[in-house]
Amino acid sequence: MFKNILIGICVVLLIVAGVVAYLIFTLDPEELGQKLLQSINEKGGIQIQAESFQISPFKGLYIESAHAEGELASGSMTADIGRVVVDYQLLPILKGEVIVNQIVIEQPQLVVVSKPSESQSGKGGSKAKPKTPVDQPGTAEASQDEAGFQPTVTIAEFRVENGSMVSRIEGQSPSETTITGLNLQLGDFHLDSAVADPILGLTAKGSIQVEQISAGDLVIKGSRGRIAVDRGRVSITEFGIDTDNASLEIAALELDLKQQPPPFTLQAGGECDLNSLMKAKGDDAFGPASLQMSLIGSGPDLNQIAGDGTLRLETGEIPAFPMVSLIERILGEPLITGNQYQATEIQFTVADGKIQVQPFMLALENMQISGVGEIDLAGPLDMEIAVRLPRDQVHIDSLEGAIDGLTEDGWTTLPFNVEGSMGEPDVGIDSSLYKDAAKGMGKKALEGLLDKVFDKDDSN
C-alpha cells in the first residue's frame, strides 16, 4: 500500500509539473496582462490603459506607458506612468506567500483635482481642524468568508523614480500646488491583505526627496527627509526645504489618509533672510531671523490652514527697503535707515488664507516703530505702522497742525497705512490726519499737503 501511495504522489507531481511547464512555455505574457487589466477595469473605480502589460512567471510584471483615471472621495485623479516593474519570487506563491523583491514606478505624473470645501468662501477658516478619524466597522477588514484565501504579502523595496504631482481645487486653477522630481524609497514594507483598503493595510518606512514644490509665487527647492506609513497615516520628519528667503526644516508633518481631503498637522522652523524678503539694499542689514510655526489644515485649500508662529529678530540695523524708503520720503529725511534695533519677537496667527501679524514694536536708539495688520497668502498687505520719534525731528510743514495733536511730552507718533506688496508697497499717512491738517488751510497749503500725500515730485 505504501508503494501505491508513493506512486500516486509521483503521478500527482508529474501532473503538476506538466501543468506548470505548459503555462511557462505556452502562456502569452501580454495576453495574460491584458486579461488582468480588463478584470481590474471591470471592477470600476479607476480605469487603466497600457501600451504594454506583461506578466511572466519568472520575469515578473511589466507595464509600459500606462494611463489611469478615476474618481476619488474628494474629487478625481489622472495618472500617466512611464514604466512599472514588479519583481517577485515564484515558488513562495505555491505556499500562499507573495514575496516581492522590488516594485519600481518610473516617471509617474499624477494630477489630483479636489472638490471645493464648504468653507471655501473663507468663513470659518480660523476654526479649521483635522477631524478625528472614524473607522467604519465592516469596511476596513474583510471577513474570511468574504475575502476567501488571503495570502501574506511582503515587499522588500518600493521605489518611485522622477515622479511629479499636480494638486488643484476644482474651478480654481490659480490655487495649484506642483511637485516635481519626486523620489520615494520605502522598505520594511508590509501589506495586510485581509484589509479591504490597501492604504489602511500598509505599513512602511523610508526616505523621500523632492526637487521642487511650487504653490503660487512660493517655490521650494532641495527637499529631502524621512517618511513612515502606518495604516492610513503618513508621517514625514527631518524634511529640509529651501526657498529664496528661508532655510527651514519640517520637524513633523502628519497626514491622515483615512479622510478626504486628508487633514494634516505641521511643525516647522528654521532661518529666514529678511533682507531678501523685504528687498533690502545697501550696506545696512537686518540681523539673523528665525521662524517657528505650528499649522493644521485639510487638503490644498489655503483657506483651511490655521495656526500660529513666532518670528524672532536678532539685533541688527534697519536697511533701506521699499516700505521704509516711502515712509522716509514722507518724513522728508532718512531718519530710520541705518538705525540699530534691539532683538524682538513678532507673533502671528494664520486663518482664512491670511497671516495676522500681532502688535509688535522695534526699539531703535532714538525712535520706536510699531505695527499690526495682515498679509494675504496671495500677496497683498494691509498693515498699520506707527513711527514714534522726537517732535523736533518731524518736519512736514503741510501737516503741522495735525502733528501737534499727535505730540505728547516732546514725542510724536505718526501713523502710516501700508498696502500693496512687500516688493511694491503703497504707503501713506493715516487718512484721519488729512482732515485735521486741511482745516483752515488755503489753496496753496492744501496743494502742498496733497503733494506729500501722493508722493509728487516737482521735477515731474
Taking neighbour Cβ counts within 10 Å as the exposure measure, how do Phe360, Phe348 sort from fewest upward? Phe360, Phe348
What ranking of Leu414, Leu90, Leu362 emerges when the number of other C-beta atoms within 10 Å of each C-beta is taken as an exposure proxy, fewest first? Leu90, Leu362, Leu414
Given labels modelled 7 Å from the Cα in the Cβ direction, how far is it in nm from Thr203 to Asn366? 6.9 nm
Using alpha-carbon positions, the gyration tensor of segment 177-301 gives root eigenvalues a ≥ b ≥ c; with a/c under 1.5 called rounded, otherwise prolate if a/b exceeds b/c, else oblate, the class is prolate
Whole-Hz ³J(HN,Hα) for each residue in segment 305-313, computed from phi via Karplus 6.51 cos²θ - 1.76 cosθ + 1.60 with θ = phi - 60°, x for glycine and proline: what do you get? 8, 9, x, 8, x, 9, 10, 9, 10
Under 5 Å from the placed amide H of Ala320, counting only residues 5+ away or on other chains, we find Lys281, Asp284
Using the Cα gyration tensor of segment 320-387, with a ≥ b ≥ c the square roots of its eigenvalues, what is the shape: rounded (a/c below 1.5), prolate (a/b larger than b/c) or oblate (neither)? oblate
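Each value in this text was obtained by applying a stated rule to the coordinates, not by laboratory testing. The structure presented is a predicted model; accordingly, all values stated were derived computationally and were not measured. Positions of Cβ are backbone-derived with ideal geometry, glycine not excepted, and every protein chain shown enters the neighbour counts.
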